[in-house]
Amino acid sequence: MKIAVSGKGGVGKTTISALIAYALRDAGHRVIAIDADPDSNLLACMGYPRPDSVRPLVELRDLIEERTGVKPGTVGGMYKLNPRVDDLPDRYAVDVDGIKVLVAGAVKKGGSGCYCPENALVRTLVAHLLLDRGSALVLDMEAGVEHLGRGTVEAVDRLLIVVEPGRRSVETASRIRALAADLGLAHVGIVGNKIRGEADLALLRGLFPDADVAGAVPYDERLREAEIGGRPARGASPEADRAVAAIVTRLNG
Ligand SMILES: Nc1ncnc2c1ncn2[C@@H]1O[C@H](COP(=O)(O)OP(=O)(O)OP(=O)(O)O)[C@@H](O)[C@H]1O
Ligand SMILES: [Mg+2]
């Protein structure tokens with residue numbers, strides 16, 4: 001099970017990613033969670049103490065130069081497209097409650113966004129982990145659509161698009177879906193988040209074909225409070241935990 005989580009900014013990608021990682025762990029999988037957002041906060045969302053002490057891989061200049069052959073920040077140039085990455089999970093993943101979390105990061109936008117050694121390293125690492133049949137993978141991605149097609153998500157089993165009730169989030173989801181279709185991603189699912197009742201659910205089902213809706217996670221103030229208080233998302237809302245566990249069960253089946 002290799003799952004990438006995308007969607008508009010702030011819809012709950014990181015929260016859902018964290019809850020999926022726990023649900024997969026509870027289902028007996030070995031789980032690797034990758035934070036692939038330039039503004040990394042998956043560790044914080046999982047309640048890891050001092051998350052800022054873990055630097056994203058894209059910021060490890062010496063490592064990037066050692067592996068790709070060129071200094072980070074280099075545009076164009078001749079870097080290794082297939083740097084060695086097999087030792088990186090063991091060296092850099094942090095264990096949170098039995099889940100291995102890798103803070104990969106991503107290079108912030110800008111013209112050379114995809115063609116730099118930093119991203120080459122992360123891309124190769126993700127590709128490597130996608131081929132590892134022994135573990136489940138959850139990829140918490142950058143908001144929006146621009147990064148899709150950079151070669152990180154093409155090999156996932158499922159692309160989940162988180163949608164909150166609201167026009168802009170739905171528009172972004174539709175653009176992500178179109179792009180996923182262009183990329184040939186077969187299994188794309190919509191996850192409704194911050195659902196406050198039947199009306200929200202009906203809205204979601206009206207906007208997307210029923211078959212595409214992987215599940216819905218209720219709005220729960222306690223999740224927001226946990227985030228503000230630096231406490232883990234997992235356990236803050238038993239209802240959200242259950243909703244995500246049900247999604248994972250459905251995806252597995
Ligand atoms: N089901 C929910 N109920 C209430 N609050 C939620 C829910 N899901 C997420 N939130 C809150 O919404 C805010 C954004 O969540 P989160 O950081 O997971 O979103 P994101 O999509 O990863 O954001 P970004 O685009 O910045 O990476 C957080 O304060 C989080 O606690
Ligand atoms: Mg996030």
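The values are calculated or read from the model by the stated rules, or taken from the named source; none is laboratory data. The structure presented is a predicted model; accordingly, all values stated were derived computationally and were not measured. As a convention, Cβ positions derive from the backbone with ideal geometry for all residues, glycine included, and neighbour counts pool all protein chains shown.
Just to be sure before I move on: is residue 49 within 13 Å of ligand 1 (Cβ to nearest atom), more than 10 Å from the chain's Cα centre (by Cα) and at pLDDT below 95 in the structure I sent? Spell out the reasoning first.
Values: within 13 Å of ligand 1 (Cβ to nearest atom): no; more than 10 Å from the chain's Cα centre (by Cα): yes; at pLDDT below 95: yes.
In short, no.
On the basis of being more than 16 Å from ligand 2 (Cβ to nearest atom), among the basic types (Lys, Arg) and modelled with pLDDT of 90 or more, does residue 234 make the cut? Outline the logic, then answer.
Working: more than 16 Å from ligand 2 (Cβ to nearest atom): no; among the basic types (Lys, Arg): yes; modelled with pLDDT of 90 or more: yes.
No, not satisfied.
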For segment 224-250, give me each residue that is polar (S, T, N, Q) and within 21 Å of residue 188 (Cα to Cα).
249
Residues being more than 16 Å from ligand 2 (Cβ to nearest atom), more than 23 Å from residue 147 (Cα to Cα) and charged (D, E, K, R): count how many of those fall in segment 31-64.
2
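Of all the residues that make up segment 149-158, how many are out of contact with any Lys or Arg (no Cβ under 9 Å at 6 or more places or on another chain) and surrounded by 19 or more Cβ atoms within 10 Å (Cβ to Cβ)?
Filtering segment 149-158 for residues out of contact with any Lys or Arg (no Cβ under 9 Å at 6 or more places or on another chain) gives 149, 153-154.
Going one step further and asking which of them are surrounded by 19 or more Cβ atoms within 10 Å (Cβ to Cβ), we end up with 153.
Residues that pass the stated criteria total 1.
Residues 77, 28: which one is more than 13 Å from ligand 2 (Cβ to nearest atom), in a loop (DSSP other than H, G, I, E, B), modelled with pLDDT of 95 or more and surrounded by fewer than 13 Cβ atoms within 10 Å (Cβ to Cβ)? Full working, then the answer.
Working: 77 fails: modelled with pLDDT of 95 or more.
Only one candidate qualifies: 28.
For segment 142-167, which positions are within 11 Å of residue 7 (Cβ to Cβ) and more than 16 Å from the chain's Cα centre (by Cα)?
Of segment 142-167, the ones within 11 Å of residue 7 (Cβ to Cβ) are 142-145, 159-164.
Residue satisfying the conditions is 164 alone.
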Pair list, Cβ under 7 Å, 6 or more apart: segment 162-187 residue under 9 Å from residue 8 (Cβ atoms), other residue surrounded by 19 or more Cβ atoms within 10 Å (Cβ to Cβ) and among the basic types (Lys, Arg)
162/13; 164/194; 168/8; 169/8; 172/8
